[in-house]
Amino acid sequence: MTEGAMKPKKLTEADVTAESVFLLQRRQVLKMLGISATALSLSPSAQADLLSWFKGHDRPPAPSGKPLDFTRPAEWQNSLTLTPEDKVTGYNNYYEFGLDKADPAANAGSLKTDPWTLTINGEVAKPLTLDHDALTKRFPLEERIYRMRCVEAWSMVVPWIGFPLHKLLAQVEPTSNAKYVAFKTIYAPEQMPGQKDRFIGGGLEYPYVEGLRLDEAMHPLTMLTVGVYGKALPPQNGAPIRLTVPWKYGFKGIKSIVSITLTRELPPTTWNLAAPNEYGFYANVNPHVDHPRWSQATERFIGPGGLLDVKRQPTLLYNGYAEQVAPLYRGLNLREYF
Ligand SMILES: Nc1nc2c(c(=O)[nH]1)N[C@H]1C(S)=C(S)[C@@H](COP(=O)(O)O)O[C@H]1N2
Ligand SMILES: [Mo]
């Protein structure tokens, strides 16, 4: 076999499994459940996602994080129906641990999240490094119930715990040159099989990197997240600290962050590097701007009912946060800057 033939094709975010193996398993599982594929009002890829999760249902339970001290400010509470904890911590994207939705919960236990060092540097007057304990102790923690929308067109509602990024940025004092904020995931190929193997890791470049404009980073909705469902984040959700930007597609929410760097220039971002025509820098949730390969007009909400409780619902502009964030994008052509 030539080296060229061995090379994995560049995977995009929707190509989450080895399709041929998967279609077979899906048919078998559906048959076992007595469900015909057409009886489910789900696209093949949606079924693939859910059943890959189902397939992993005998996985070891996620190590339960330690309980956190936090408040529940009324501002961030609401009456949205929550996605249950086992789905939030069992149905994940974290390609460093594999492409199936069940892979992160099964494999991310190998990530050593304590000790940890988060460095904040670049165009700042006062660079800072935080150790593992500082991540949960330096800033008061609050629970915030946010919508979460993956670019693959599934969605959840999640009770995250963390603090607003602007509080951290205020402490490092960005210089007048700072225009963007760049984030980087840990690079630890010995602990992350997907960083070592291009088949497992989907052909992405690692470490995973993300970025925001400084004004987006300073927005009160933008959060550094250290917990979920009352406890420290499990590794599959990005322990010990990850980004949550609820009006943007989920891939902006970079996990297991080791550096935050303020920059003059727009930073590179992982999915944009992988497929620039499909994933932009902004990645604002927008029902009117389709992905080149699928519609973004609706989404599949993963709800509390049974395993297959997936409700199709309209996608909301800026994921329902238009009132708060639309001013950031006044005058910007959202089709061009997707
Ligand atoms: N380092 C890293 N961060 C990542 C990803 C990843 O593969 N690697 N996946 C992203 C995608 S596509 C989504 S939808 C969210 C999923 O977060 P969750 O598993 O906590 O729901 O994490 C994002 N952050
Ligand atoms: Mo995603």
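The table below gives the values:
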item	result
Euclidean distance of C-alpha centroids, segment 164-213 and segment 267-331, integer Å	20
Sorted largest first, extent of segment 26-329 alpha carbons per principal axis (Å)	62, 40, 40
Scattering profile of segment 157-296 at q = 0.09, 0.16, 0.19, 0.22 Å⁻¹ [log10 I(q)/I(0), Debye over alpha-carbon scatterers]	-0.28, -0.91, -1.25, -1.47
Backbone N within segment 246-262 under 17 Å of label point (7 Å from Glu323 Cα along the Cβ vector)	246-247
Gyration tensor (alpha-carbon) shape descriptor, segment 285-338, a/c threshold 1.5	oblate
Efficiency of FRET between Arg293 and Glu173 - r from beta-carbon atoms, R0 51 angstrom, step 0.05	0.75
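None of the figures in this text is laboratory data; all of them are computed from the coordinates on show. Predicted model only: the values in this text are computed from it and were never measured. Please note: Cβ atoms are built from the backbone with ideal geometry, for glycine as well, and neighbour counts cover all protein chains shown.
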